[in-house]
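So the structure is just underneath, and the comments pick up after that.
Quick note: the coordinates plus some simple rules give every number you see, no bench work behind them. Remember, it's a predicted structure, so these values are computed and weren't measured experimentally. Cβ: placed from backbone, ideal geometry, glycine included. Neighbour counts: every protein chain shown.
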Amino acid sequence: MAGKVVVVVGVPGVGKTTVLNEAVRQAKEAGIQLAVLNFGDVMFELATSQGLVEDRDQIRKLRVDTQIALQAEAAREIAKKATSGSIILDTHAIIKTNEGYWPGLPEPVIRALHPNHIVVVEADPEAIVARRAKDQGIRNRSDDQTVEELRFTMDVNRQAAISSAVLCGASVLFVKNEEGKAGEAASRIVSLLK
Amino acid sequence: MAGKVVVVVGVPGVGKTTVLNEAVRQAKEAGIQLAVLNFGDVMFELATSQGLVEDRDQIRKLRVDTQIALQAEAAREIAKKATSGSIILDTHAIIKTNEGYWPGLPEPVIRALHPNHIVVVEADPEAIVARRAKDQGIRNRSDDQTVEELRFTMDVNRQAAISSAVLCGASVLFVKNEEGKAGEAASRIVSLLK
Amino acid sequence: MAGKVVVVVGVPGVGKTTVLNEAVRQAKEAGIQLAVLNFGDVMFELATSQGLVEDRDQIRKLRVDTQIALQAEAAREIAKKATSGSIILDTHAIIKTNEGYWPGLPEPVIRALHPNHIVVVEADPEAIVARRAKDQGIRNRSDDQTVEELRFTMDVNRQAAISSAVLCGASVLFVKNEEGKAGEAASRIVSLLK
């Protein structure tokens with residue numbers, strides 16, 4: 001029997017990595033076969049093996065066509081892996097850049113992944129801004145400067161996740177990652193795998 | 001000449017049934033040929049005739065693939081009926097469950113229905129919460145406990161309706177069902193059929 | 001090398017025309033080959049050449065099927081023109097009518113255009129309402145009577161733009177057109193063409 005594919009998204013600084021590490025621990029404890037994959041990692045591996053890039057930053061500089069083809073190929077590989085157990089895919093519903101918000105789960109990608117669920121990890125905007133200020137090293141850190149800007153980004157993130165879900169028929173689960181309660185957030189994700 | 005297909009959605013407790021009964025009455029008075037179908041009923045009939053389920057609750061327990069195939073088949077049947085008059089389809093843009101918000105009009109369904117219009121019946125969140133508290137028996141009653149939670153659900157509902165409309169090119173009409181004015185809400189829906 | 005296709009949308013009264021005129025001026029100064037096309041104009045030309053309409057208002061009265069076919073044909077023509085330089089397409093993410101909000105970038109249109117970017121020009125709702133009151137002649141002027149209604153329309157506009165972007169993989173850039181600063185708004189759009 002095939003496992004489930006759960007896509008987990010969240011704006012940078014929301015604490016997604018902590019929640020996913022906790023989800024892996026809980027799944028193991030419950031005897032659930034689970035692999036957590038990072039979409040960027042899978043794409044980077046593919047791009048390297050095809051001789052397209054040497055470092056990660058070069059992916060964003062490929063032609064948009066090439067990037068989309070890579071994304072769709074990565075999505076198909078990931079979907080295939082779900083035949084031997086459940087998969088959590090760590091990725092983004094949107095990526096904020098100077099060119100605006102890029103959809104992280106555009107039509108060809110979401111169609112290839114056909115996830116069962118899309119989980120949007122959220123947190124208080126104030127807490128996220130504080131966390132970002134402490135950890136200047138967060139990768140893909142968006143340039144939201146104020147809580148108001150971050151609220152706007154979080155709205156776009158929700159709307160993009162819902163659009164992607166309508167395309168593939170997945171449910172969208174909003175999970176609040178409250179300060180010091182990553183375990184609770186993780187258990188809501190793990191319950192989707194049961 | 002083919003009739004129109006109007007999809008009507010709204011969160012539980014918004015008073016959709018009252019509005020649709022009123023719409024049927026008004027359409028009859030105006031000599032408009034109109035059938036109101038409930039998407040869940042059509043799916044249940046199909047599922048029973050195929051020996052897949054014996055009661056309605058079993059539908060949600062079918063494999064997701066089977067559910068989506070059923071939905072698309074129901075959508076095609078409904079679209080066919082619009083050749084002999086207009087159809088209002090009573091359904092949901094989202095269904096709130098423990099697994100999150102399921103899209104009620106995902107891509108294959110909305111593509112098969114290709115409605116002319118999607119009507120989102122709305123009401124004051126305070127009034128909906130009060131109505132839900134009075135009528136514990138509302139079917140599919142979502143678990144929103146507070147007005148704030150309901151506002152969030154209503155936002156997701158709007159966004160899902162808009163996503164579905166972008167897929168099929170339908171217009172999205174937001175109709176406010178004010179306390180004691182179901183007739184006015186109904187007349188806005190009936191005017192789409194003229 | 002092919003140019004870029006940038007779709008620019010905004011609610012009536014947001015000052016889009018001023019911003020686009022300024023963008024043309026800036027692009028010329030920077031030696032960027034740019035054509036600004038109006039989607040309605042292209043559709044009207046097509047419809048006239050096919051003998052379907054004699055004036056612009058008749059387009060909205062064509063059968064919805066015919067309108068969608070026209071839209072998709074216009075989109076394909078526009079996408080072709082981008083082979084000889086960049087194109088800005090002046091259009092709408094939504095069109096507000098008595099029948100609700102029609103999507104301006106529904107699936108077949110956005111798929112044929114496959115833009116690189118969708119720019120949503122925004123402004124303070126208060127400023128837009130004031131501008132609309134002064135200029136009664138704004139074409140396609142929506143019937144939002146209050147700032148609250150306009151805010152709602154602007155939300156629908158954003159959500160429709162995001163849905164369209166998820167379908168085609170374009171980025172969505174929100175550009176604020178502040179009073180007297182159309183040049184700044186324009187420069188953000190022109191920077192997408194570099």
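Here are some notes:
- With 25 Å as the limit on Cα-Cα distance, the pairs of C:16/C:81; C:16/C:96; A:134/B:96; B:194/C:61; A:28/A:80 that go past it are A:134/B:96.
- Phi-based couplings in Hz for the range B:172-182 (Karplus 6.51, -1.76, 1.60; Gly and Pro marked x): 10, 10, 8, 10, 7, 9, 7, 2, x, 10, 4
- The dipole here belongs to the protein assembly as shown: it is taken about the Cα centre, uses +1 on the Cβ of Lys and Arg and -1 on the Cβ of Asp and Glu, and is about 860 debye.
- For residue C:178, the label point sits 7 Å beyond Cα toward Cβ; its separations from the matching points on the remaining copies run 3.9, 3.9 nm, from shortest to longest.
- Over the range B:103-194: Kirkwood hydrodynamic radius from C-alpha pairwise inverse distances, Å: 14.6 Å
- Between B:33, B:190, B:114, the Cα set farthest toward the positive side of the dipole of chain B (charges on each charged residue's Cβ, about the Cα centre) is that of B:33.
- Here the residues C:179, A:73, ranked from fewest to most Cβ neighbours within 10 Å of their Cβ, fall in the order C:179, A:73.
- Peptide C:168-180 - average C-beta neighbours from other chains (10 Å radius): 4
- log₁₀ of I(q)/I(0) at q = 0.06, 0.11 Å⁻¹ - the protein assembly as shown, Debye sum with one point per alpha carbon: -0.31, -1.11
- Residue order, fewest to most beta carbons within 10 Å, for A:118, A:68: A:68, A:118
- Neighbour counting of Cβ atoms within 10 Å sorts the residues A:131, A:63, fewest neighbours leading, into A:63, A:131.
- Taking the range C:95-124 and a reference point 7 angstrom along Cα→Cβ of residue C:18, the backbone N atoms nearer than 19 Å belong to C:120-124.
- Debye-formula intensities of the range A:5-193, expressed as log10 I(q)/I(0) at q = 0.10, 0.18, 0.19 Å⁻¹, are -0.39, -1.31, -1.43 (one equal scatterer per alpha-carbon, no solvent).
- Given +1 at the Cβ of Lys and Arg, -1 at the Cβ of Asp and Glu and no other charges, the dipole of the range A:62-102 around its Cα centre is 100 debye to the nearest 20.
- Given charges at Cβ of Lys, Arg, Asp, Glu: the protein assembly as shown dipole, positive-most of B:18, C:83, B:103: C:83
- Per-residue ³J(HN,Hα) for the range B:72-82, Karplus 6.51 cos²θ - 1.76 cosθ + 1.60, θ = phi - 60°, Hz, x for Gly and Pro: 5, 5, 4, 4, 5, 4, 5, 4, 4, 5, 6
- Net charge of neighbours whose Cβ lies under 12 Å from the Cβ of residue A:74, counting Lys and Arg as +1 and Asp and Glu as -1: -1
- Take the Cβ atoms of residue B:52 and residue B:77, set R0 to 22 Å, and the FRET efficiency comes out at 0.90.
- Peptides A:154-162, C:146-154, C:119-127 ranked from most to least packed give A:154-162, C:119-127, C:146-154, packing being the mean of other C-beta atoms within 10 angstrom over each peptide's residues.
- Computed about its Cα centre, the charge dipole of the range A:5-193 is approximately 360 debye, with only Lys, Arg, Asp and Glu carrying charge at their Cβ.
- Stokes-Einstein translational diffusion, the range C:1-113 - Kirkwood Rh over all Cα pairs, 1.002 mPa s, 20 °C, in µm²/s: 143 µm²/s
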